[in-house]
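The values are calculated or read from the model by the stated rules, or taken from the named source; none is laboratory data. Owing to the predicted nature of the structure, the values given are computational and were not obtained by experimental measurement. Backbone-built Cβ (ideal geometry, glycine too); neighbour counts: all protein chains shown.
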Amino acid sequence: MRILTVLESPSWIERHLAGTLTDMGHQVERHSYGPYVGEFYGRARQDERREKNRALLEHARALTAQGLDLIFCYLSDDFLMVETARELAQLGVPVVNYGVDINTQWHRHIRTARYFTLMLCGQHENMNNLARYGARVFYFPFAGRAPTPEEETATFTPAAPVTFVGTPIPYRSQVLAEVERAGIPLAVYGRGWSEKNHLIEHPPNLEKTLSDLYNYGWARLRGEGLGAVSHSVMRRLSAVASGQGGGESGTAALSESVKQGFVPEGGLVALFKHSAINIGITRLESPWQNGAARHQVKVRDFEVPLAGGFYLVEDMPEHREFFDVGKEIETWRTVGELLDKVRYYLSHEHERRAIAEAGRRRALNSQTWAHRFESLFDALGLR
């Protein structure tokens, strides 16, 4: 098939989704609108937004005239204009849009979702809320891209037997600091760990906060309730006032010897494969805060098993949709349980390897992006 992808670039989603479609043998035409799906186009940038929407529509029309089977988008209403979505829907080609954070950002699709053939949802949560706005929702959970032969044979030795890969947020720092304090040999990889303050890629903006309240406040109030919305608003306003990100402050520090920086190009699969234990953290907020914590499945939850690595991830019910917990991956619920299981599996190599091998088999057989696309093509009648 000939498929147009409309994605942020460069990013993980381009590498995983457009890359997988290419691996599957499809002819992939790529359109990039910028580096960040949630980029805010305030009053001063409306001309830029209109021009980018015009360029997208022009590209899609030209390819449709030549023969196009599918338009696969990763867009939010921050960028996509209603008029553009309406005109894309009139091209006579299936057009789908992927929301990877429907559990927290579902409302950023309410103005355009009705125009897509399917609105793909990365989580079950809030699918019903989105359907209220005319969206034809379709569950399209995260997955992983199978390692290439080059990645399979790459060499990279982790700096410690227990590793974590990801950007720094306060809760992750708190958990990993407990692991280090317990005397467990740990190496942490990712951008931002060596900086004094935690990484804030998109600083808070008063205009954006007010715009979000105006455009999405009622939808969120209706869908999530007063408590959730007021908590979110107070965090945003506090972040704007302080000039900091919307997360927590007072994070625990890791020693410099633990922080390893970037994983070398092509070395991620080898890192997962050769780490004795890969720690996964799914919670988005600290357990020390009041209220129920929110979790989210990550792409990492599939990348580690696909690489053949042993994965010890913070537990959430969704993991049981994809793996047999205890046999294909292992989970933890409290920091104490995490420490106990790290010590246990470090000293039980045979069990650790058996779980890693079973997890790899399951991931390769049913948990790749190719499997997700096959189910989507079936739903669209594109066989």
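Taking the condition of being over 14 Å from residue 164 (Cα atoms), touching a Phe, Trp or Tyr at 6+ places or on another chain (Cβ under 6 Å) and in contact (Cβ under 8 Å) with a residue 40 or more places away in the chain, how many residues in the stretch 306-332 meet it?
1
Residues in the stretch 118-152 that are free of Cβ contacts under 8 Å to residues at least 24 places away in the same chain, of a type in the set (S, T, N, Q) and either not assigned by TED's automatic domain parsing to the domain that holds residue 17 or not in a helix (DSSP H, G or I) (or both): how many?
1
Within the stretch 171-186, identify whether any single residue is within 19 Å of the chain's Cα centre (by Cα), modelled with pLDDT of 95 or more and assigned to a strand (DSSP E or B), and answer yes or no.
No, the conditions are met nowhere in the stretch 171-186.
Counting only residues that are closer than 20 Å to residue 184 by Cα and of a type outside the set (Phe, Trp, Tyr), which one in the stretch 305-328 is surrounded by the fewest Cβ atoms within 10 Å (Cβ to Cβ)?
Among those that are closer than 20 Å to residue 184 by Cα and of a type outside the set (Phe, Trp, Tyr), it is 312.
Out of the stretch 5-55, which residues are aliphatic (A, V, I, L, M) and under 21 Å from the mean Cα position of the chain (by Cα)?
Within the stretch 5-55, 6, 7, 13, 17, 18, 21, 37 meet the criteria.
Can you give me the number of residues within the stretch 1-27 that are crowded, with 18+ Cβ neighbours inside 10 Å, hydrophobic (A, V, I, L, M, F, W, C) and closer than 16 Å to residue 376 by Cα?
5
Residue 174 - would you say it is within 20 Å of residue 300 (Cα to Cα), in the same structural domain as residue 376 (by TED's automatic domain parsing) and in contact (Cβ under 8 Å) with a residue 40 or more places away in the chain?
Working: within 20 Å of residue 300 (Cα to Cα): yes; in the same structural domain as residue 376 (by TED's automatic domain parsing): no; in contact (Cβ under 8 Å) with a residue 40 or more places away in the chain: yes.
Spelling it out, it is not the case that residue 174 is within 20 Å of residue 300 (Cα to Cα), in the same structural domain as residue 376 (by TED's automatic domain parsing) and in contact (Cβ under 8 Å) with a residue 40 or more places away in the chain.
Starting from residues that are at pLDDT 65 or above and of a type in the set (Val, Ile, Thr), keep the ones in the stretch 230-277 and report whichever is farthest from residue 127 (Cα to Cα).
Checked the stretch 230-277; the qualifying residue farthest from residue 127 (Cα to Cα) is 258.
Kindly indicate the residue of the stretch 104-117 that is within 15 Å of residue 216 (Cα to Cα) and touching a residue at least 60 places away in the same chain (Cβ under 8 Å) and also surrounded by the most Cβ atoms within 10 Å (Cβ to Cβ) among those meeting that condition. So that I can check it myself, show each step before the final result.
Taking the stretch 104-117 and keeping what is within 15 Å of residue 216 (Cα to Cα), we get 104-113.
Okay, now just the ones that are also touching a residue at least 60 places away in the same chain (Cβ under 8 Å), so 104-108, 110-111.
On the way: 104: 16, 105: 17, 106: 28, 107: 25, 108: 24, 110: 21, 111: 18.
Across the stretch 104-117, the extreme among qualifying residues is 106.
Quick one: in the stretch 319-355, which of the residues that are hydroxyl-bearing (Ser, Thr, Tyr) and assigned to a helix (DSSP H, G or I) is nearest to residue 307 (Cα to Cα)?
Among them, the one singled out is 345.
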